[in-house]
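Visitor: Following this message is one structure expressed as C-alpha cells.
The values are calculated or read from the model by the stated rules, or taken from the named source; none is laboratory data. This is a predicted model, so every value here is computed, not measured. Glycine also receives a Cβ, built like all others from the backbone with ideal geometry; neighbour counts cover every protein chain displayed. For accessibility, only protein heavy atoms count, side chains too; no ligands or nucleic acids. Shrake-Rupley method; radii C 1.70, N 1.55, O 1.52, S 1.80 Å.
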Amino acid sequence: MDRIAIIGGARLTGEIPISGAKNSAIKLMAASLLTDEPLRLTNMPRLADTRFLGRLLQRLGTEVIERDGPDGAETLLTTREVVSGFAPYDLVRQMRASFNVLGPLLARSGQAKVSLPGGCTIGARPVDLHLKALEALGARIDLHEGYVYAQAPRGLKGGQIEFPFVSVGATEHALLAAVLAEGQTVMTNAACEPEITDLAECLNKMGAKVAGAGTSTIRIEGVRRLTGATHAVLPDRIETGTYAMAAAMAGGEVRLTRTRSDFLTTLIDKLVEAGVEVVPHNDGLTVRRDPSRRLKAVELETDPYPGFATDLQAQFMALMTLAEGESVIRETIFENRFMHVPELARLGAEIAVQGGEARVRGVETLEGAQVMATDLRASVSLVIAGLAARGETVVNRVYHLDRGFERLEEKLSACGAQIRRIKGEPEPQVEE
Ligand code: UD1
C-alpha cells in the first residue's frame, strides 16, 4: 500500500490547475447508459473511482475509451446495447455511486438487478429515497438477498417525487431515470448542488427536457430517446476548496485555476472570517496567507448546498487545529464523519467530539506523526495538517486519496510542498 510523506513547514507558492469534479463525472458516466450513441465527456478526472465505474459500465455493455483530447483527458462512452442489467455486490460495495446505474438501466431496458450498497465508514447511508423515487416513476421494486430487483416492463411513467429531505444521490438518480419516463415528472425538495445542474445540462444536450436544476423544484418532460453529446465536466469544487485550505494552512500564495469561485462562497466567507485572503478571478481564485499571523477560530455547520459542504468539513477542521481560540464544527449530513479526529490528535490537535459537534481548541504547533487515512476527505485533511506540522507526517492507506484527488503530490509539490509518495505493495480494491 502506498503512503504519502510530508515534511511540514514549507510555504506554498504557485498555481494549481483544478480537475473535473469526481462527483459529477461518475453520474455523467452513468448517463451514457441512456443512449446508444457516444457520450463524450471532456475535462475528465482520472481517478480510481472513474476507472472503477468504467469497469462496471463495460460489464453492462458500454464501450469506454479514455484518450487525450485537445482540451486534456476525455472519455468516450458508447452503449450500443445494454448486454447485462446486473451490478453485483462486490462492485457496488466498493463504490457506492455504482448504485446509480439502477435508474438508467431501468429507463433504457425496463429491468435491472443491482446490489444494495450497504453502509460505509461515514455512516449508514441508506438508499430508501432512491428507491421511492423510482417507485414514484412506476418501477416495481423488490428486495431479495441484498439485491434490488427493479422492473418497468412497459417503461417508466412520469410522477411526483417529494423528497422528505435533501439527498444529492437520490436527486441525481431520479433525474437519470425520469428523462426517459413517459410524461412529466416534478421533483420537490430536490438537492441544488452544482453537480446536479451539470448532470441536467449534459442530459439536455442529449435531448432531455429538464428545467429547474439548481433549484429545489425540478421539472422533467420525458422524451422517447436520447442522443449522443459532448459535455465538459464541471470543475471540482471540493478539490478547489481543499487546495484553498492547504494554502491557508501552509501560508503563501496559491492561484487555483481552471475552476470557479462562485460555488464556494460559503467556504470563502469562512476562510475570510478566519483571516485568510481570498481573491476571486475569472478562472478561479487566489488564496493568500501570511504564515507569521495566526488564523482565528470560527464556527460552522455543514449543510446541503449552498451551505458548507460536508466534503470540506475535515479539511476545515485541520485548518482550525492551529487557529487561535475554540472553533465549533457541526456535522449535520452524515452521522460518523469525524474519523479524522483521532488521527489529527496524533499530530497534537486538541479536539473534543460530542455527538455531531466537534470543538477544536487551536494549538500553537502540530508535530508530524504516522497517521491513517480512513476515507477520502478525512485523508486529505491529514495531508493539510501535515503541511504545517513540524517534522515528518506519514499518511498510510492513501488509496482513499487516489479515489478522489488527481495527482495530489504533484500538484502540491509544484507549489513548493515537501511531499512524496512512498510506493508499497499492490493496493486493495477501492472502498468508500
Ligand atoms: C453525495 C456525495 C458525497 C457528499 C454528499 C453530500 C457522491 C458520490 N457523493 O453523497 O461526496 O458528501 O452527497 O453532499 O456524489 N440518505 C437517506 N436515504 C437515501 C439517501 C440519502 O437517508 O436514500 C441520507 C444519507 O444517509 C445522508 C443524507 O441523506 O445522511 C445526505 O445524503 P446524500 O446527499 O444522498 O449523499 P450522497 O448522494 O450519498
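Visitor: I'd like the distance between the alpha-carbon centres of the stretch 66-88 and the stretch 108-128, rounded to an integer number of Å.
Guide: After rounding, the separation between the Cα centres reads 22 Å.
Visitor: Still on this structure, I have one more. Please give the length that would be gained between Glu135 and Glu335 if that part of the chain were fully extended, namely 0.36 nm times their separation in residues minus their C-alpha to C-alpha distance (nm, one decimal). Each step should come with its number before you reach the end.
Guide: Working: separation 200, 0.36 × 200 = 72.00 nm, distance 2.69 nm.
Net length gain for the segment: 69.3 nm.
Visitor: Let me ask something else. Provide the net charge surrounding Arg108, with neighbours chosen by a C-beta distance below 10 Å and charges set as Lys +1, Arg +1, Asp -1, Glu -1.
Guide: On the way: positive: Arg225; negative: Asp36, Glu81.
Result for the neighbourhood of Arg108: -1.
Visitor: Along the Cα-to-Cβ line of Lys296, 7 Å from the Cα, sits a label point; which residues in the stretch 254-284 have backbone N less than 13 Å from it?
Guide: Answer for the stretch 254-284: 270-277.
Visitor: List the aspartates and glutamates whose alpha-carbon lies under 15 Å from that of Lys209, not counting same-chain residues fewer than 8 positions away?
Guide: Glu172, Glu182, Asp198, Glu201, Glu221
Visitor: Related question: When DSSP assigns beta bridges and you keep just the ones with both residues in the chain, what percent turn out antiparallel, to the nearest 5?
Guide: Values: 59 of 85 bridges.
Taking every DSSP beta bridge with both residues in the chain, the antiparallel ones total about 70 percent.
Visitor: Using a Cα-Cα cut-off of under 14 Å, which aspartates and glutamates could be cross-linked to Lys113, ignoring same-chain neighbours fewer than 8 residues away?
Guide: Partners within reach: Asp90, Asp142, Glu145.
Visitor: Next question, about the same structure. Filter the cross-link list Lys22/Lys157; Lys22/Lys132; Lys22/Lys270; Lys22/Lys205 down to pairs whose alpha-carbon distance in this structure exceeds 22 Å. Before the final figure, lay out the partial values.
Guide: Values: Lys22/Lys157 30 Å; Lys22/Lys132 26 Å; Lys22/Lys270 24 Å; Lys22/Lys205 20 Å.
Beyond 22 Å: Lys22/Lys157; Lys22/Lys132; Lys22/Lys270.
Visitor: Considering only DSSP states other than H, G, I, E and B, which GluC sites (Glu not before Pro) in the stretch 308-358 qualify as loop sites with at most 16 other Cβ atoms within 10 Å? All intermediate terms of the calculation are to be shown ahead of the outcome.
Guide: On the way: sites: Glu324, Glu326, Glu331, Glu335, Glu343, Glu350, Glu357; in loops: Glu331, Glu335.
Hits after loop and neighbour filter: Glu335.
Visitor: How large is the accessible surface per residue of the chain, computed with a 1.4 Å probe and reported in Å² as a whole number? Could the numbers behind the result be given before it?
Guide: Working: 16820 Å² over 432 residues.
Heavy-atom SASA per residue in the chain reads 39 Å².
Visitor: If you find the alpha carbon centre of the stretch 289-324 and of the stretch 144-188, how far apart are they in angstrom?
Guide: 36
Visitor: Right, here's the next one. Express as a percent, rounded to the nearest 5, the fraction of DSSP beta bridges in the stretch 22-232 (both residues included) that run antiparallel. Don't skip to the answer; put the middle values down first.
Guide: Working: 29 of 40 bridges.
Around 70 percent of the beta bridges assigned by DSSP in the stretch 22-232 are antiparallel ones.
Visitor: With each label point set 7 Å from Cα along the Cα-Cβ vector, what nm distance links Asp90 and Arg288?
Guide: Taking the two extended label points, one gets 5.4 nm.
Visitor: How far apart, in nm, are the 7 Å Cα→Cβ label points at Leu116 and Val328?
Guide: 3.7
Visitor: Using Cα springs under 10 Å in a Gaussian network model of the chain, which residue among Ala244, Ala87, Ala414 shows the largest mean-square fluctuation?
Guide: Of the options given, Ala414 has the highest mean-square fluctuation.
Visitor: Another question about this same structure. For the chain, give the magnitude of the charge dipole about the Cα centre (Cβ charges: +1 Lys/Arg, -1 Asp/Glu; no others), in debye to the nearest 20. Each step should come with its number before you reach the end.
Guide: Working: 49 positive and 56 negative charges, 120 e Å.
The dipole magnitude comes to about 580 debye.
Visitor: While we're on this one: Using a Gaussian network model of the chain with C-alpha springs under 10 Å, which one of Ala352, Ala250, Ala136 is most mobile by mean-square fluctuation?
Guide: In the Gaussian network model the winner is Ala352.
Visitor: Helix-derived [θ] at 222 nm for the chain: sum -39500 (n - 2.57) over DSSP H runs of at least 4, divide by residue count, nearest 500? Present the calculation step by step, with values, prior to reporting the outcome.
Guide: Details: 14 runs with 132 residues, N = 432.
Mean residue ellipticity at 222 nm (helix-derived): -9000 deg cm²/dmol.
Visitor: While we're here: Could you check the spin-label model distance between Arg225 and Gln370? Points 7 Å from the Cα along Cα→Cβ, value in nm.
Guide: Here the modelled spin labels are 5.9 nm apart.
Visitor: Quick check: at a probe of 1.4 Å, how many percent of the accessible area of the stretch 22-232 sits on carbon and sulfur atoms? Mind showing how you got there, number by number?
Guide: On the way: 3930 of 8180 Å².
Roughly 48 percent, rounded to a whole number.
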